[in-house]
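Encoded as C-alpha cells, the structure appears first; notes follow it.
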Amino acid sequence: MALTGGEIKLTRGHDGRVAYLTLDHGKYNIITWETRQVMADRFAEIDADDAIQVVVIRGEGEHFSSGGDIAGFMEVDPVDFTDLGHNVTAPSRSSKVVISAVDGYCFGVGFELALSSDIRVATERSQFALPEMNLGMIPGSGGTQRLARLIGLSRAKYHVLTASRINADDAKDWGLLAELAADRAELDEKVERLVTKLIGFSPLAARTAKEVLDRGVDAPLYSGIELERKAYAMLRSSKDFAEGVAAFGEKRTPKFQGR
C-alpha cells in the first residue's frame, strides 16, 4: 500500500530559502519502495520552488537510515528494478545544494541517498555501510559508483565486497564527509552555520557550480575546463555578478536574486 508521504517530512526555514527533508519511518527510518517515490516527489516540489536554495536531509530519532525494506523487495516485480535508484538519487539531479546531516546508522539505500547529496556532515558515532553482499546482492542505487569516486576504487572494493562498515573518522579522512560533529546538537549547529553561509551566495552561481562540477568530473580535463569557461562567460552577464561586483566595491553585503 502506498504511503502518505509522512515518512519524509518537508518543512521550510530561513524565510523559505531552506527545505528540510526528515526521514521519519520507524526507529531505523527504513526506506521502502514507496518511500523512494516520495523522495522523488519531494524533490520535484523543491525544484519547482525558486525561493529554495538549500536542502537538508536528516533522520528523525537516533539514526539517519539503516537501509531499505529488505522483505518488501521480494514483492516488487523484477522489471521495476530497471529504474531502481532513479528516485533515491534525486539529490544529485536537483538544482539546489543538498546537504545530508547524518547521525547513527547510514546503511544501504540510506547511504546511497547520502552519497547522492552534495555535502555530507556527520556525528562521530555515525557508521556507513553498503551491506548488500550479505543478501547475495550488490548496491543498486549508485552506491558502487559514487563510493568509488569519493574514496577511491581500492577502498570501495574492500567495503562493498566485504560489507564492512566505515566509521566516521575514516569517512572524514577519506573525503567522504566535509565536517564531523561530536554529537547531534553540534551536528545541528554545524549544519545551520553551513546553511547560513550557502544561502548568502547567488543561487544562480551555486546551481552553475554544482552542474559544472558534476558534469566535468568524469570528462577529460580539457572538456571540463571548456565547460567551466563557458559557464563563467554565461555568469558574466548575470545580474547577480553585477550585484556582487558592486557590493564588493561598496563594501556591503550583496543582495543576490538568482538572475
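Tabulated data for the structure shown
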| item | result |
| --- | --- |
| Cβ-Cβ under 8 Å pairs, at least 6 apart or on other chains, the stretch 40-66 side in contact (Cβ under 8 Å) with a residue 60 or more places away in the chain, far side of a type in the set (Ser, Thr, Tyr) and open to solvent by 50 Å² or more (accessible area, probe 1.4 Å) | 64/105 |
| Among the candidates 226, 179, 186, residue that is without any contact (Cβ under 8 Å) to a residue 24 or more places away in the chain and farther than 16 Å from residue 96 by Cβ | 226 |
| Among the candidates 12, 42, residue that is under 24 Å from residue 121 (Cα atoms), touching a strand residue (DSSP E or B) at 6+ places or on another chain (Cβ under 7 Å) and surrounded by fewer than 16 Cβ atoms within 10 Å (Cβ to Cβ) | 12 |
| Of residues in the stretch 162-171 being open to solvent by less than 50 Å² (accessible area, probe 1.4 Å) and touching a residue at least 40 places away in the same chain (Cβ under 8 Å), the one farthest from residue 138 (Cα to Cα) | 168 |
| Total residues in the stretch 88-111, condition closer than 15 Å to residue 43 by Cβ and in contact with a Ser or Thr (Cβ under 8 Å, 6 or more places away or on another chain) | 8 |
| Pairs with Cβ under 6 Å, 6+ apart, first in the stretch 122-144 and in a helix (DSSP H, G or I), second of a type in the set (Asp, Glu) | 143/112 |
| Enumerated helices (runs of 4 or more DSSP H) restricted to the stretch 172-253, each holding at least 3 residues that are open to solvent by 60 Å² or more (accessible area, probe 1.4 Å) and within 21 Å of residue 95 (Cβ to Cβ) | 203-216, 221-236 |
| Qualifying positions in the stretch 54-104 - open to solvent by 70 Å² or more (accessible area, probe 1.4 Å) and either in contact with a Lys or Arg (Cβ under 6 Å, 6 or more places away or on another chain) or assigned to a loop (DSSP other than H, G, I, E, B) (or both) | 60, 62, 74, 75, 77, 86 |
| Options 127, 37; residue that is open to solvent by 30 Å² or more (accessible area, probe 1.4 Å), of a type outside the set (A, V, I, L, M) and at pLDDT below 95 | 37 |
| Among the candidates 141, 154, residue that is of a type outside the set (Lys, Arg) and open to solvent by less than 60 Å² (accessible area, probe 1.4 Å) | 141 |
| Residue 141 vs. criteria hydroxyl-bearing (Ser, Thr, Tyr) and either in contact with a Ser or Thr (Cβ under 8 Å, 6 or more places away or on another chain) or on the phi > 0 side of the Ramachandran plot (or both) | yes |
| Selection within the stretch 169-196 - under 16 Å from the mean Cα position of the chain (by Cα) and β-branched (Val, Ile, Thr) | 191, 195 |
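The values are calculated or read from the model by the stated rules, or taken from the named source; none is laboratory data. Computed from a predicted structure; not experimentally measured. So basically every Cβ, Gly included, is an ideal-geometry build from the backbone, and we count neighbours across all protein chains shown. Heads up: the accessible areas ignore ligands, DNA and RNA and are worked out on the full protein's heavy atoms, side chains in. Shrake-Rupley method; radii C 1.70, N 1.55, O 1.52, S 1.80 Å.
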